[in-house]
Amino acid sequence: MSDAPPLNTAPLPVRLRSEDYLLLHQAGAFAPYTRTELIDGGVYFVNAQHRPHALAKIELYDAIRAALRAIGSPLRPLVEASIALSGHDVPEPDIVLTSEPRGEGFVPLHSVHLVIEVSDTTMRSDIRRKVASYARAAMPEYWVVDIKARTIHQMWSPIGELCAERCAVAFGDIIAAATIVGLSVDTASL
């Protein structure tokens with residue numbers, strides 16, 4: 001009897017592990033792409049940011065930082081910090097609210113309370129593929145800022161690959177975090 005795995009009857013993709021991704025990144029394998037992220041074992045090129053995306057991100061960052069200070073929260077927002085979600089997921093969301101802003105390497109999952117993706121051209125991926133990754137990792141809350149629709153999709157209560165609770169908040173309205181007590185963010189500047 002052989003302990004070898006059975007022969008594949010069809011080609012199977014190889015899912016990179018986060019440590020493989022980090023080694024390849026450190027070796028410069030992704031340098032021509034500037035920015036990449038690992039989602040469900042696949043390496044994805046991250047688009048250059050156009051002005052609507054950059055402006056929405058900085059305005060939201062400023063509003064969140066002011067709201068956190070107003071409630072005396074120890075959480076800090078970070079911009080474009082990679083999170084070690086799982087063995088096969090290392091996303092780089094636009095904004096991360098963490099209790100551990102300092103340190104080396106990826107932001108540890110246990111310290112992340114909210115992730116935000118600003119979506120100009122990547123809405124399909126942000127609302128599907130990334131929701132699944134964040135839900136599998138039991139991310140408490142996830143927002144997708146849909147620039148074209150001028151809406152923030154707020155999701156929480158992860159179950160499997162979905163979020164059981166969700167709502168949409170129009171730009172200009174106040175968005176209250178579902179999982180961070182007292183955090184309400186004015187989106188008037190978006």
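Taking all protein chains as present, what is the carbon and sulfur share of the accessible area of the chain, in % to the nearest whole number, probe 1.4 Å?
On the way: 5880 of 10450 Å².
Using a 1.4 Å probe with all protein chains present, the chain comes out at 56 percent carbon and sulfur.
Taking 0.36 nm per residue of separation and subtracting the current Cα-Cα distance, fully stretching the chain between Asn47 and Leu23 would add 6.4 nm. With a ≥ b ≥ c taken as the square roots of the eigenvalues of the C-alpha gyration tensor of the stretch 1-60, please select rounded if a/c is under 1.5 and otherwise prolate if a/b is larger than b/c or oblate if it is not? Prolate. With R₀ fixed at 30 Å, the C-beta to C-beta distance from Ala54 to Ala188 puts the FRET efficiency at about 0.95.
Grab the other residues whose beta carbon is less than 13 angstrom from that of Glu80, score K and R as +1, D and E as -1, and report the net.
Taking every other residue near Glu80 into account, the sum is -2.
Size of the dipole of the stretch 31-190 about the Cα centre, Lys and Arg at +1 and Asp and Glu at -1 on the beta carbon, nothing else charged, in debye to 20?
Details: 15 positive and 19 negative charges, 29 e Å.
The calculated dipole for the stretch 31-190 is roughly 140 debye.
Take the Cα of Arg69, step 7 Å toward its Cβ, do the same at Phe106, and the gap between the two points is 3.2 nm. Between Ile127 and Leu12, residue separation times 0.36 nm minus the direct Cα-Cα distance comes to 38.8 nm. Placing a pseudo-label 7 Å from each Cα along the Cα-to-Cβ vector at Arg76 and Arg150 gives an inter-label distance of 3.5 nm. Relative protection proxy for 47-54, 85-92, 152-159, from highest mean packing down: 85-92, 152-159, 47-54 (other beta-carbon atoms within 10 angstrom).
Note on semi-axes √(5λ) of the Cα gyration tensor in Å: of the candidates (1) 24, 20, 18; (2) 36, 16, 14; (3) 31, 18, 17, the value calculated from this structure sits at (3).
Quick one: accessible area per residue over the chain, 1.4 Å probe, rounded to a whole number of Å²? Before the final figure, lay out the partial values.
On the way: 10450 Å² over 190 residues.
Per residue, the chain has 55 Å² of solvent-accessible surface.
Please give me, ordered by residue number, the chymotrypsin sites (Phe, Trp or Tyr not before Pro) of the stretch 21-61 that lie in loop per DSSP and have at most 11 other Cβ atoms within 10 Å. When the chymotrypsin sites (Phe, Trp or Tyr not before Pro) of the stretch 21-61 are filtered for loop state and at most 11 Cβ neighbours within 10 Å, nothing remains.
The values are calculated or read from the model by the stated rules, or taken from the named source; none is laboratory data. For clarity, every value in this text was computed on a predicted model and none was experimentally measured. We place every Cβ from the backbone using ideal geometry, glycine too, and count neighbours over all the protein chains shown. Just so you know, the surface numbers come from the protein's heavy atoms only, side chains and all, with ligands and any DNA or RNA stripped out. Shrake-Rupley method; radii C 1.70, N 1.55, O 1.52, S 1.80 Å.
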